[in-house]
Amino acid sequence: KNGPLGELQELFYLAYPDAYRDAVASIAKEYNLPSILLLSLIRQESAYDDIAYSYAGAHGLMQIITPTAERIAEELGQRDFEVGELNSPATNMKFGAWYLNQLLKKFHGNIALALASYNAGPQKVADWLDWSSSLEVEAFIEEIPYRETRLYVKKILRNLVVYSKL
């Protein structure tokens with residue numbers, strides 16, 4: 001009870017679970033990502049619902065759309081991939097972690113840009129950078145033209161702070 005979140009720590013553990021802990025840790029290590037970054041993304045994307053399906057056609061824990069999943073499967077050499085496999089937590093997390101790792105490489109390790117890309121697509125973020133490249137990260141986030149993406153990035157960064165305290 002004397003932790004960084006005080007008497008509310010138990011409630012925070014309920015609100016910020018670490019479901020799939022072993023799988024997340026293994027996949028995070030494989031793709032050189034912090035486990036808490038994957039947990040933060042999963043919490044925002046699906047609230048840990050492994051069969052989540054969005055209006056945009058995104059599947060599973062990390063909410064991957066079919067065209068992206070097909071490109072990832074090709075890159076990973078999975079020739080027999082079927083979209084239904086995205087409901088498998090292991091497959092979904094592996095694909096999502098691989099993709100997030102690629103976005104972090106593209107944006108030179110900038111988590112905010114990678115997260116914005118995960119939500120809106122890397123081409124949109126590249127376009128936004130054309131007119132906002134001189135902005136600090138915090139200012140860039142505030143200038144993201146898509147309200148959904150702006151809030152998405154802020155929520156995942158908040159999740160990241162809470163997970164780091166837990």
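Pull out the extension gain between residue 82 and residue 29, defined as 0.36 nm times the separation in residues minus the alpha carbon to alpha carbon distance; nm, one decimal.
On the way: separation 53, 0.36 × 53 = 19.08 nm, distance 2.53 nm.
This chain segment gains 16.6 nm when fully extended.
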Ordered by number, the GluC sites (Glu not before Pro) in the stretch 58-166 that occupy a DSSP loop and have at most 14 other Cβ atoms within 10 Å are 82, 136
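For the stretch 31-77, rounded, prolate or oblate, judged on the Cα gyration tensor with a ≥ b ≥ c (square roots of eigenvalues), a/c < 1.5 rounded, else prolate if a/b > b/c?
Numbers: a/c = 2.71, a/b = 1.09, b/c = 2.47.
Oblate shape, in that a/c is at least 1.5 and b/c is the bigger or equal ratio.
So if each residue of separation counts as 0.36 nm, and I subtract the Cα-Cα distance between residue 127 and residue 147, what length gain in nm does that give? Mind dumping the intermediate values first?
Numbers: separation 20, 0.36 × 20 = 7.20 nm, distance 1.61 nm.
The residue 127-residue 147 span can extend by a further 5.6 nm.
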Candidate cut points under trypsin sites (Lys or Arg not before Pro) in the stretch 1-104, DSSP loop plus at most 15 other Cβ atoms within 10 Å of their own Cβ, are 1, 79
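Can you compute the charge dipole magnitude of the chain about its Cα centre, using +1 on each Lys and Arg Cβ and -1 on each Asp and Glu Cβ, nothing else charged? Give it in debye, rounded to the nearest 20. Don't skip to the answer; put the middle values down first.
Working: 16 positive and 21 negative charges, 72 e Å.
So the dipole magnitude of the chain works out to roughly 340 debye.
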Net charge (Lys, Arg +1; Asp, Glu -1) of residues whose beta-carbon lies under 12 Å from that of residue 146, residue 146 excluded, is 0
In nm, the gap between the two label points placed 7 Å beyond Cα toward Cβ at residue 8 and residue 65 is 3.5 nm
Taking Rh as the Kirkwood radius computed over alpha-carbon pairs of the chain and applying Stokes-Einstein at 37 °C with viscosity 0.692 mPa s, one gets a diffusion coefficient in µm² s⁻¹ of 199 µm²/s
Expected field for residue 53, accessible surface area in Å² at 1.4 Å probe radius, rounded to 10, holds 150 Å²
Given the candidates 98, 86, 121, the one whose Cα lies deepest towards the positive end of the charge dipole of the stretch 76-125, counting +1 at each Lys or Arg C-beta and -1 at each Asp or Glu C-beta, is 121
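Can you show me the helix-derived [θ] at 222 nm for the chain, built from DSSP H runs with n ≥ 4 at -39,500 (n - 2.57) apiece and divided by the number of residues, rounded to the nearest 500. If you can, show how the numbers build up before the last one.
Working: 9 runs with 104 residues, N = 166.
Mean residue ellipticity at 222 nm (helix-derived): -19000 deg cm²/dmol.
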About its Cα centre, the stretch 67-150 carries a charge dipole, from +1 on Lys and Arg Cβ atoms and -1 on Asp and Glu Cβ atoms, whose size in debye to the nearest 20 is 120 debye
Counting all Cα-Cα pairs in the stretch 53-125, those more than 17 Å apart amount in percent to 40 percent
Residue span residue 108 to residue 164: 0.36 nm per residue of separation minus Cα-Cα distance leaves a gain in nm of 18.0 nm
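The values are calculated or read from the model by the stated rules, or taken from the named source; none is laboratory data. For clarity, every value in this text was computed on a predicted model and none was experimentally measured. When we count neighbours, we look across all protein chains shown, and the Cβ atoms used for this are built from the backbone with ideal geometry, even at glycine. Note: areas computed on protein heavy atoms with side chains; ligands, DNA, RNA excluded. Shrake-Rupley method; radii C 1.70, N 1.55, O 1.52, S 1.80 Å.
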